[in-house]
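Note sheet for the following structure.
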Amino acid sequence: MRRPIRHAAVLGAGTMGAQIAAHLANAGVTVTLCDVTLEAAAGARARLPRLKPAPLFRPDLADRIRPAALDDPDATRGADWIIEAVIEDLEIKRALLARLDQPSDGRPPSAFVSSNTSGIPLESLAEGRSDAFRRRWLGTHFFNPPRYLPLVELIATPDTDPAVADDLGAFLDRGLGKGVVRAKDRPGFIANRIGLFAAARTLELVASGAFTIEEADALSGPLIGRPKSATFRTADLAGLDILARVAADLAARLGAGGPPFVLPDVVGRMIAAGRLGDKTGGGFYRRASAEPGAPILTIDLATLDYRDRQAPSIAALEAVRAIPALEDRLRALFTARDRAGDFVRRTLGATIVYAATIAAEVADSPDDVDRAMRWGFGWELGPFEIWDAVGLETVLTACAVATPPPLIADRLARGDARVRPGPLPPASPDLVTFRPAGTRLVQANSGATLVDLGDGVLGLDIHSKMNAIGGDLLQMIHAGLARAEAGFEAFVIGSDADLFSAGANLALLLIEAQDGNWEDVDDMVRGFQAATQAIRRAAVPVVVAPRGLCLGGGCEIVLQATRVQAAAELYIGLVETGVGLVPAGGGSTEILMRANARDAADRAAAVQDAFEHAALARVSTSAPDAARLGYLRDADGLSMNRERVLADARSLARHLAAAGERRAPEGPVAVGGPDLFARLSLGVHLAERAGRASAHDALVSRKLAWILTGGDIPRATTVTAAYLRDLEREAFLSLCGEAKTRARIAHTLKTGKPLRN
C-alpha cells in the first residue's frame, strides 16, 4: 500500500460531507472541510459534536477538522485525498472538478480524487478532465451515517489506474473500517439501485390501499431480516426529498429501465406539504408532542394529517414471527397464500428477481451484491442469500416468473440448487473467523468453542445467548488456558457475534439469590474471579478482542488481558450498579490499580473518576472513549474494521509471544482509607439529596466506595489485590441479599432496561 493518508480535503460541508470529515478525524486524519463560505464550513464543524447519533468517537476529535471556503487556494494543498461531496448536480460537480484540474490548484499530483455521488456515473462527471486527473479519479459512495454504516461502494472508471483503486480501497478497509464493494459505473451503483427498487414496490402497495403503513413496516422489518426501521421509518430518517431525488435521477438515467423508480404521487404531495421526515419533524411518522414518551402518530395518506397508530391487521403475522430461523420464516412467507405472503412476494420477491436481473450490470459477482445490501441497508441476508434460503425454483414459482433472470437460468441449466455452493464467503481472504473447519475445532460446549487459529494461536469463541458469562464459558476459559500453555504460544478470546458479552448470567444468579442459596452464589463469584485471575496470570499472552457491547463481566474479562485488540465501535463499561450490584470478578480491584497508575500526582482524583464511571454505569461511546474511561490502555490495539478484529488480535498475540510479554505480577495496591471513603460518600450523599440517586443507588455506591478505599482500615495504606477481591465478593453477596437488588435484576431480565428503585 502507498503512504498512509494523513490529510484529506472534503469539498462540501452538508450532512454527508461533514460526517465523512468526522469519520476521517476518527481515523486520525487531519481534514480540511470546505463549503461555499468559511462561515458555513465552520458552522458544520461546530455542529458535529452535538449530532445524534454521534459522528465522532469523542467530541474533541472535531479539533482535527479545519474549516475553509471552497475558493480558498490552500484548501486542497498537501491533501492525500480530496473528496467531492457537494450537491447532487452534474454541472455543479463538473465545475468544481474542472477547477481542481487546473495547474494553479493546490492539489498534489499524487492525491486521490473521488466523488461521494450517490449514483451519477463517474465517467460523465470527469468529462473533459485531463488524463492525469482521470487516472486518479474514482467514486467513493459512503452511506449515511458514515461512521456506523459499513458500506462504501468503490467505483473505478476505465481510465482509473488500478493501483489507485487498490490503494484507496485498502485505506477504506483498514484505515476507515469500511466494507468495500467494487461497483460498476452504472446509475445508482449497487445498493441504491436495489434498495430504491424495494422501497418503490412497498410505497406502491401502500399508496394503492392494499396495506397500511404499519402493516408494511411490520412485514418489511426484522420479520424478513431487515432493520427495525423497516421501510417508512427508514424513509423518514433519510428524508423524503432525498428519496424522491435519487429515484427521479435513476428513472431519468435508466431510460426504459426507469419506470420501476417512479414513486407514487403521494410522495410528491408529502414533499410539497413539507412532510419530509425527521428533518421537518414529521414524515410518515411523527411524535404527538415534544414531551418525552409522547405517542408516535402515523400520516393519513389521503389527508396528510396524522392519526393514531393502528395495529397491523394480518392474522398470520404472529405465527410467522414465532418461527426462529430467518431462512424458515422467508420460506413460509414466500409460499403463504395470505396477505402476508402476497406482500412479501410483491416486494421482497420482486426485489430479489430484479437483483438477479441486473447483477451482472452493476457488480462483478452475486457476493458483492449481497455484501452491498448487508452493509449499506442492514439486510441480514443479501438478495442471493435469500434466493438460496428459499430455493431457486420456489422463488420462481411463488413470484410467477415465466422467464428466469440469466444468472438464475444459468444455475438451473447446470443443475445447481443454489446461486453459490455455500455460505457467503469472507469479504477478504486475510480475514480470520472462529468458524471451525476440519481439524481447527479443538473443544466445545454450549458456552464457547476452542479453535486453532493457526500460527501457534489458540482462540476461544464465546457463543452463549447474548454471550452471557456462565459456568460453561468459565470452564472453557480454564480449558483453553491449559491447552494454550501446553501446546500453543498465545491465547485469543473473542466472538464471531456482533457483541462481545452482555455480562454475567443474571437469570441463574437471581434464582440462587431468591432461594437464599448463598453458598452457591459465593461459589459463582469465586469461580468468576478464578477465571479472570487465570487470564491475568497465564503463562502465555492472552489477547481479548471485544467489539460491540461489552458490559459488566465482559468488561472484567477485558480488563485482565495481557493486551486488548478492540473494535473502534466498542461500547464497554462496568454496569453492575444498574442491577444493584458491584463489579466482583476482579473489576473493582483492576480499576483501582489503573487509577493508581494513571495519576500519581492526584491519586484521590483518579480513584474518584474510576469510582464515578463504575457507580454511574458509564458505557463508552467508542474505543477511544473507552480509553478515556480507563477500560483500555495506551498499549492496547484498535481495529477500525470490526471484521478485522480477530485477525489483528491474532497478529498482536503472535507479536507478544515473540517478545515474551505477560501481565506484570500484582504488587501492593494503594488505598485511600477512611478519608477517601468520606470524600466519595459525600458525593453520593449530595447526589441522593439532589434527587439524582435513590436510597438504593446510594447503598450500592457506598459498597463500591468501600472496596475502592480499602474497607475497614484505619488509614491510607497498601493492601493486596487478593484482599480487595475478597471485599468485592463480600459486597456482592450482601447486595444479592437486598430485595431491591433482586427486583432490579428481575426487571432487567424482563424488560432489558434498568429499574431505578
Filtering the stretch 402-416 down to residues that are more than 16 Å from PHE384 (Cα to Cα) and of a type in the set (A, V, I, L, M), which residue is surrounded by the fewest Cβ atoms within 10 Å (Cβ to Cβ)?
-> ALA402
Which residues, counting only those in the stretch 430-486, are at pLDDT below 95, over 24 Å from GLY552 (Cα atoms) and outside any strand (DSSP E or B)?
-> ASP430, LEU431, VAL432, THR433, ARG435, PRO436, ALA437, GLY438, THR439, ARG440, ASP455
Does the stretch 370-415 hold any residues that are part of a helix (DSSP H, G or I), out of contact with any strand residue (DSSP E or B) (no Cβ under 7 Å at 6 or more places or on another chain) and under 30 Å from GLY177 (Cβ atoms), and which are they?
-> ASP370, MET373, ARG374, PHE377, PRO383, PHE384, GLU385, ILE386, TRP387, ASP388, ALA389
Limited to the stretch 681-702, what total is found for residues that are assigned to a helix (DSSP H, G or I), within 17 Å of LEU735 (Cβ to Cβ) and touching a residue at least 12 places away in the same chain (Cβ under 8 Å)?
-> 9
Considering every residue within the stretch 5-13, establish whether at least one is without any contact (Cβ under 8 Å) to a residue 24 or more places away in the chain and either assigned to a helix (DSSP H, G or I) or open to solvent by 40 Å² or more (accessible area, probe 1.4 Å) (or both).
-> no
The stretch 644-677, subset in a helix (DSSP H, G or I) and open to solvent by 60 Å² or more (accessible area, probe 1.4 Å), residue farthest from PRO541 (Cα to Cα) | ASP675
When only residues in the stretch 52-78 that are surrounded by fewer than 19 Cβ atoms within 10 Å (Cβ to Cβ) and over 28 Å from the mean Cα position of the chain (by Cα) count, which is nearest to ILE92 (Cα to Cα)?
-> ASP71
What number of residues in the stretch 499-513 are part of a helix (DSSP H, G or I), open to solvent by 30 Å² or more (accessible area, probe 1.4 Å) and of a type outside the set (Gly, Ala, Ser)?
-> 4
Pairs, first hydroxyl-bearing (Ser, Thr, Tyr) in the stretch 386-404, second buried (at least 20 other Cβ atoms within 10 Å of the Cβ), C-beta under 7 Å, six or more apart = THR394/PHE334
Residues within the stretch 487-498 that are among the acidic types (Asp, Glu) and either at pLDDT below 95 or assigned to a strand (DSSP E or B) (or both), tallied | 2
Collect the residues in the stretch 69-84 that are over 20 Å from GLY28 (Cβ atoms) and either in contact with a Cys (Cβ under 6 Å, 6 or more places away or on another chain) or modelled with pLDDT of 95 or more (or both), keeping them in residue-number order.
-> ALA69, LEU70, ALA75, GLU84
Which condition number does GLY422 fail, the rest of (1) in a loop (DSSP other than H, G, I, E, B); (2) open to solvent by 20 Å² or more (accessible area, probe 1.4 Å) being met?
-> (2)
Quick one: is LEU237 at pLDDT below 95 and either assigned to a strand (DSSP E or B) or of a type outside the set (D, E, K, R) (or both)?
-> yes
Select, from ILE323, ILE314, ILE271, ILE296, the only residue that is open to solvent by less than 50 Å² (accessible area, probe 1.4 Å), under 24 Å from GLY209 (Cβ atoms) and either touching an Asp or Glu at 6+ places or on another chain (Cβ under 8 Å) or β-branched (Val, Ile, Thr) (or both).
-> ILE314
Taking into account only those residues within the stretch 282-311 that are of a type in the set (Gly, Ala, Ser) and in contact with a strand residue (DSSP E or B) (Cβ under 8 Å, 6 or more places away or on another chain), which is nearest to VAL246 (Cα to Cα)?
-> GLY283
Conditions (1) within 18 Å of GLN565 (Cβ to Cβ); (2) out of contact with any Phe, Trp or Tyr (no Cβ under 8 Å at 6 or more places or on another chain); number of the one not met by MET466 | (1)
Per the filter on the stretch 255-265, residues aliphatic (A, V, I, L, M) and surrounded by 18 or more Cβ atoms within 10 Å (Cβ to Cβ) are LEU263
Can you tell me how many residues in the stretch 191-222 are touching a Leu at 6+ places or on another chain (Cβ under 8 Å) and part of a helix (DSSP H, G or I)?
-> 14
Breaking point among (1) under 23 Å from GLY195 (Cα atoms); (2) modelled with pLDDT of 95 or more, for ARG411 | (1)
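The values are calculated or read from the model by the stated rules, or taken from the named source; none is laboratory data. Predicted model only: the values in this text are computed from it and were never measured. So basically every Cβ, Gly included, is an ideal-geometry build from the backbone, and we count neighbours across all protein chains shown. Note: accessible area is taken over every heavy atom of the protein model, side chains too, but ligands, DNA and RNA are not part of it. Shrake-Rupley method; radii C 1.70, N 1.55, O 1.52, S 1.80 Å.
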